[in-house]
Amino acid sequence: MKKLLLASLLLTTLAIAVVRVDFALNPEHRTAVFKGLCEAGLPNLSRPPEVPARHLGCAVLGPKQTVQGFVSTGFEASHLIMGDQVVTDQYGFLNESAWLSGTDGLEQRGEAALDGVLSVRRPGLCGGRLAKVTLEGWMTVSPGGFGHLNLAEREFFAYRVISATAPSEEELEPFLYGGAPDWPPDTVAFCREQESPDYEGL
């Protein structure tokens, strides 16, 4: 009986070691296993306690990381655009991006600094707000639609705002509406209305 128990314990330990090595070498396997277990009714094993379960569902988060980029907010918009510089073409931003969400306790970990920068209106942003940031948090690694109308491919859950500053004039340039000659006139007119002093929103 002792030999059977010892053999069973040894096999379990070996299986756990193999799974850990497999997860390290093949992150997509980890993602599929965690997502599958969650969809079967078990807790989401990738969810840190700061991320509410109702906000994450069965989406799988990667390890905590630090990212630099820009936070762009507006009507039903909360975007994290990653990178020190923003690259665009006629269709929009080429940088990696994600829907930005906060986590429980973020207000004690730098959210006020970000809110302060985002409270300043800057002409040319179509009524939106912009901040240059360094954030610590978790990015989704499983596919799925996130954010407003599920249009974002990923979601970033911010654990801490390391820094938040106003963008320079050069950094602001790619975000300004009407800068390129191919902007549709009705879009420019809409943005001008958004920035009108008497605009009350929807």
| request: Considering (1) under 28 Å from Leu176 (Cβ atoms); (2) touching a residue at least 24 places away in the same chain (Cβ under 8 Å); (3) surrounded by fewer than 19 Cβ atoms within 10 Å (Cβ to Cβ), say which one Asp115 fails and leave the rest. | output: (2)
| Which ones in segment 141-155 are surrounded by 15 or more Cβ atoms within 10 Å (Cβ to Cβ) and outside any strand (DSSP E or B)? | Val141, Ser142, Gly144, Gly147, Glu153, Arg154
| remark: Only unsatisfied item for Ser72, checking (1) of a type in the set (S, T, N, Q); (2) more than 17 Å from Glu173 (Cα to Cα); (3) in contact with a Gly (Cβ under 8 Å, 6 or more places away or on another chain), is (2)
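This table checks each residue for (1) open to solvent by less than 70 Å² (accessible area, probe 1.4 Å); (2) modelled with pLDDT under 70.
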position	(1), (2)
Thr13	no, yes
Arg30	yes, no
Cys38	yes, no
Leu45	no, no
Pro49	no, no
Gly57	yes, no
Pro63	no, no
Val67	yes, no
Val71	yes, no
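Residues checked against (1) open to solvent by 20 Å² or more (accessible area, probe 1.4 Å); (2) closer than 27 Å to Val60 by Cα; (3) at pLDDT 90 or above; (4) part of a loop (DSSP other than H, G, I, E, B):
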{"site": "His79", "(1), (2), (3), (4)": "yes, yes, yes, no"}
{"site": "Asn95", "(1), (2), (3), (4)": "yes, yes, no, yes"}
{"site": "Glu107", "(1), (2), (3), (4)": "yes, yes, yes, no"}
{"site": "Glu136", "(1), (2), (3), (4)": "yes, yes, yes, no"}
{"site": "Met139", "(1), (2), (3), (4)": "no, yes, yes, no"}
{"site": "Phe157", "(1), (2), (3), (4)": "no, yes, yes, no"}
| Picking from Val67, Val71, Val86, which residue would you name as being in a loop (DSSP other than H, G, I, E, B) and of a type in the set (A, V, I, L, M, F, W, C)? | Val86
| said: Return the pair list, or none, for Cβ contacts closer than 7 Å from residues in segment 140-158 that are closer than 20 Å to Phe75 by Cα and in contact (Cβ under 8 Å) with a residue 12 or more places away in the chain to residues that are outside any helix (DSSP H, G or I) and open to solvent by 70 Å² or more (accessible area, probe 1.4 Å), at least 6 apart or on different chains. | reply: His148/Glu76
| field | Residue tally, condition of a type in the set (Gly, Ala, Ser), part of a helix (DSSP H, G or I) and at pLDDT 85 or above, over segment 159-191 | value | 0
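Could you list, in sequence order, all residues of segment 109-134 that are part of a loop (DSSP other than H, G, I, E, B) and within 24 Å of Leu56 (Cβ to Cβ)? Walk me through how you get there before you give the answer.
Narrowing segment 109-134 to residues part of a loop (DSSP other than H, G, I, E, B): 109-110, 119-128.
Scanning segment 109-134 gives Arg109, Gly110.
The values are calculated or read from the model by the stated rules, or taken from the named source; none is laboratory data. As the structure is a prediction and not an experimental result, all values here were calculated from the model. Counting neighbours? That spans all protein chains shown, and the Cβs are built from the backbone with ideal geometry, glycine included. Surface areas here come from the heavy atoms of the whole protein model, side chains and all, with no ligands, DNA or RNA. Shrake-Rupley method; radii C 1.70, N 1.55, O 1.52, S 1.80 Å.
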